[in-house]
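All of the numbers you see were taken from the coordinates with simple rules; none came from a lab. As the structure is a prediction and not an experimental result, all values here were calculated from the model. Don't worry about glycine lacking a Cβ; one is built from the backbone with ideal geometry, like all the others, and counts go over all protein chains shown.
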Amino acid sequence: MGNSKADAGQSRERRAVLLVDHGSRHARANALLDEVATLVKQRLGAESIVEGAHMEIAEPTIAQGVARCVEQGATTVVAHPFMLAPGRHVTEDLPRLIAEAASAHEGVVFALAAPLGSHAGVIDAVIERCQAALPEGDPRER
């Protein structure tokens, strides 16, 4: 029945993070997503599953990114739009593309996270980048 170690291993949830950006014709822009995926994986731990994918123009595609997650044992895939606003790509295109990719992976649970938006970390980054752009540093320290 269901008491073997193999059965227990198969029923254990294993989460993956799939970072999704738009995709670009510029390799350097696409490489940023790989860098972010590496940094997220470092934060989550070496055993975590973190992959990047591009909505269009570049590879890996969303379907390829989902497949990579599942190949590593993911039972749940959280797709995170590495985008700022909940525009058409986030509200229409990504749900459709995730659903299409999910159809090839029966039994895997999929979720779509919110875009970066006005998260406190984004606001902190905006302030930090603006301050760094000033030749004299932080204007609040004068």
### Task
Check off (1) touching a residue at least 24 places away in the same chain (Cβ under 8 Å); (2) closer than 13 Å to Val20 by Cβ for Arg68 and give me the number that stays unchecked.
(1)
## Note on the structure
Val36 passes all but one of the listed conditions (1) touching a Phe, Trp or Tyr at 6+ places or on another chain (Cβ under 9 Å); (2) hydrophobic (A, V, I, L, M, F, W, C); (3) within 21 Å of Glu13 (Cα to Cα); the exception is number (3)
